[in-house]
């Protein structure tokens, strides 16, 4: 009788629905120090603006241009990430410019020829893996003269927009968005987006509407008890790199623009 009751109970249970396989997405970031963790917006983007249904892999590296990112083997690592099986779709967000500018030995590229050719090659190779490329223009520097922002990266942003048009690739115009925002802030407020507070003389100059060369100072980021280790990041004040406030600000800008520019990604983003 006990066995019959158990059988009746089991027979009366609601069937358990089959498990639905996850359809996960991967987002790969490729760029320079304005994108990498600890000095750019990419760390905040991956940490705070992507849902658990998307893996976010930040492969940006400081000091890299469209040329040496490939030459050193970093691009090969990025291609391997794009080919990882199991993801329903992989997006590659890619942008350069800062280190492609003149005067950077081993990194600089010709704006008229080499830079756009490099970007187009990246786009083609992303698509060859089955991933989806999304271009972004370089984050602005925060240098002013007489109250006006020096938009020295505009030509590289224009080149990336042109590559996007030629290759039918979405372009997130982070250069325009960030430059407009920094211009509206003004130099005093914009200085607080850096990794360290501005030195007093720098802030005095900023109050006049003009930024001055900042003295070179660095602070080692290190564990409190073990002392410095090889590879620990260093923080400094400059007009290019970002501290936590700057990273959060521009990661939010990037997220909003990405949701508008690539609607398929919007459900995976947290504003």
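The values are calculated or read from the model by the stated rules, or taken from the named source; none is laboratory data. Please read these numbers as outputs of a predicted model, since none were measured by experiment. Reconstructed Cβ throughout: ideal geometry from the backbone, glycine too, with neighbour counts over all protein chains shown.
Just to be sure before I move on: is residue 62 buried (at least 17 other Cβ atoms within 10 Å of the Cβ), under 15 Å from the mean Cα position of the chain (by Cα), under 23 Å from residue 236 (Cβ atoms) and in contact (Cβ under 8 Å) with a residue 60 or more places away in the chain in the structure I sent?
Numbers: buried (at least 17 other Cβ atoms within 10 Å of the Cβ): yes; under 15 Å from the mean Cα position of the chain (by Cα): yes; under 23 Å from residue 236 (Cβ atoms): yes; in contact (Cβ under 8 Å) with a residue 60 or more places away in the chain: no.
In short, no.
Could you tell me whether the stretch 90-97 includes any residue that is at pLDDT 95 or above, closer than 30 Å to residue 267 by Cβ, in contact with a strand residue (DSSP E or B) (Cβ under 6 Å, 6 or more places away or on another chain) and surrounded by fewer than 20 Cβ atoms within 10 Å (Cβ to Cβ)?
no
Please list, ordered by first then second residue, the pairs with beta carbon atoms under 6 Å, 6 or more apart or interchain, first in the stretch 190-215 and at pLDDT 95 or above, second assigned to a helix (DSSP H, G or I) and surrounded by fewer than 15 Cβ atoms within 10 Å (Cβ to Cβ).
Between residues of the stretch 190-215 that are at pLDDT 95 or above and residues that are assigned to a helix (DSSP H, G or I) and surrounded by fewer than 15 Cβ atoms within 10 Å (Cβ to Cβ), the close pairs are 193/245.
Inside the stretch 109-156, can you point out the residues that are outside any loop (DSSP other than H, G, I, E, B) and either loosely packed, with under 15 Cβ neighbours inside 10 Å or out of contact with any helix residue (DSSP H, G or I) (no Cβ under 9 Å at 6 or more places or on another chain) (or both)?
Filtering the stretch 109-156 down to residues outside any loop (DSSP other than H, G, I, E, B) leaves 114-128, 132-136, 144-145, 148-149, 154-156.
Matches in the stretch 109-156: 114, 117, 121, 124, 128, 145, 148, 155.
Being modelled with pLDDT of 95 or more and outside any loop (DSSP other than H, G, I, E, B) is the requirement here; does residue 64 meet it?
Numbers: modelled with pLDDT of 95 or more: yes; outside any loop (DSSP other than H, G, I, E, B): no.
In short, no.
Please go through the stretch 76-105 and give me each residue that is out of contact with any helix residue (DSSP H, G or I) (no Cβ under 6 Å at 6 or more places or on another chain), touching a residue at least 24 places away in the same chain (Cβ under 8 Å) and over 18 Å from residue 28 (Cβ atoms), ordered by number.
Residues satisfying the conditions are 98, 99, 101, 104.
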